[in-house]
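The values are calculated or read from the model by the stated rules, or taken from the named source; none is laboratory data. Since we're looking at a predicted model, the values are computed, not measured. Cβ placement follows ideal geometry from the backbone for every residue including glycine, while neighbour counts extend to all protein chains displayed. Each accessible area value is taken on the protein alone, full model and side chains, heavy atoms only, with ligands, DNA and RNA left out. Shrake-Rupley method; radii C 1.70, N 1.55, O 1.52, S 1.80 Å.
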Amino acid sequence: MAAHLGAHETMEVHEVLSTTITIINTMQLYRPYAKDPRLTQILDKQLQFTIDEYNRCVQAVQHLSGRGAAQGSPYAASKNFTPTYGLDHPSPASPNASANQIDDRDVACALLGLHKSSASMKIIAALECANPQLRSMMQQGAVNCSEQAYEVWQYMNQAGYYQVPTMKEITTNTILNHYQPATINASAMGLQGNFYQRPATMTYPAITQ
């Protein structure tokens, strides 16, 4: 039996679950086109994780108890990775003339797009959730999608499918060094604990007919 939830969070969860079904179906559609063993390993692992996460979410929203649902093991991309920066004669990109032309690059691009969009959707859903258990689940789901996206991006970067343009070093340093630490002391300014004051009650003249 589903727990009582607010209208807004109910619809946000509906959108997340509906989209997750589409993601699972899309991953299965692309699976036969993956040929690189590294990519197939990533795809298979992420597909199973997404299915498990979907099932946990369905079970949780139908049996919310306030005690916290099992979140499962968070997804984590490898942190032992050094990105390759710069452009090295990137190949031209254009739509395929037929599905027979779908290759590893197309599969990886699709996976990356799925995870990016899902991460955005889940964090927005979390911001609209009143139930703390549900909110936490959406937040963790967004992090999981972000980690899966980074894992796919690592593969693409290594394979040369996703190259990272750079600016001149002096330009990068000028932009980033423009910002300096704040030296504001909120306590000394008398803001701490007194920043918000209830506005004075406004009175309006009575409307007569």
(request) Using only Cα atoms, tell me the angle between helix 104-127 and the longest principal axis of the chain; keep it within 0 to 90° and round to the nearest 10. (result) 10
(request) Could you sort out which of K35/K122; K45/K168; K79/K122 sit more than 28 Å apart by Cα distance in this structure? (result) K35/K122; K45/K168
(request) Would you mind putting 43-53, 116-126 in packing order, based on average other-beta-carbon counts within 10 Å, highest first? (result) 116-126, 43-53
(request) Tabulate in residue order the Karplus-calculated ³J(HN,Hα) for the stretch 129-143, using 6.51 cos²θ - 1.76 cosθ + 1.60 with θ = phi - 60°, rounded to whole Hz; enter x for Gly and Pro. (result) 8, 8, 6, x, 5, 5, 4, 5, 5, 5, 4, 5, x, 5, 5
(message) Of S98, V164, H14, which is farthest towards the positive pole of the chain's charge dipole, taken about the Cα centre with +1 and -1 on the beta-carbons of Lys, Arg and Asp, Glu respectively?
(response) H14
(request) In whole Hz, with x marking every Gly and Pro, tabulate ³J(HN,Hα) for the stretch 74-86 from phi via Karplus 6.51 cos²θ - 1.76 cosθ + 1.60, θ = phi - 60°. (result) x, 7, 9, 6, 4, 9, 8, 9, 10, x, 9, 9, x
(message) Debye calculation, C-alpha points only, no solvent: report log10 I(q)/I(0) for the stretch 1-140 at q = 0.11, 0.15, 0.21 Å⁻¹, in the same order as the q values.
(response) -0.52, -0.85, -1.30
(message) About the Cα centre, and with charges only on the beta carbon of Lys, Arg (+1) and Asp, Glu (-1), how big is the dipole of the stretch 20-114? Nearest 20 debye, please.
(response) 320
(message) If packing is taken as the average count of other Cβ atoms within 10 Å, what order do 158-169, 97-108 fall into, highest mean first?
(response) 97-108, 158-169
(request) Mind checking the full-extension length gain between Y179 and Q158? Use 0.36 nm per residue of separation minus the Cα-Cα distance, one decimal, nm. (result) 4.3 nm
(message) I'd like the carbon and sulfur percentage of the solvent accessible area for the chain, probe radius 1.4 Å, heavy atoms only, ligands and nucleic acids excluded.
(response) 57
(request) Take the alpha carbon atoms of the stretch 81-130, find their radius of gyration, then divide it by 2.2 N^0.38 Å using N residues; give the quotient. (result) 1.68
(message) If each DSSP helix of 4+ residues adds -39,500 (n - 2.57) and the sum is divided by the residues in the chain, what number results at 222 nm, nearest 500 deg cm²/dmol?
(response) -18500 deg cm²/dmol
(message) Under 5 Å between amide hydrogens, which residues at least 5 positions from C129 or on another chain qualify, with H placed 1.01 Å from N in the peptide plane?
(response) none
(message) How tilted is helix 7-30 with respect to the longest principal axis of the chain? Cα atoms for both, answer in degrees (0 to 90, nearest 10).
(response) 0
(request) Just order 20-30, 172-182 by mean Cβ neighbour count inside 10 Å, highest at the front, would you? (result) 20-30, 172-182
(request) Note the angle between two axes, namely the Cα long axis of helix 37-62 and the longest principal axis of the Cα atoms of the chain, as a number of degrees from 0 to 90, rounded to the nearest 10. (result) 30
(message) What are the ³J(HN,Hα) couplings of the stretch 146-161, residue after residue, when phi is run through the Karplus curve with 6.51, -1.76, 1.60 and θ = phi - 60°? Round to Hz, x for glycine and proline.
(response) 4, 5, 5, 4, 5, 5, 5, 4, 4, 4, 5, 5, 5, 7, x, 6
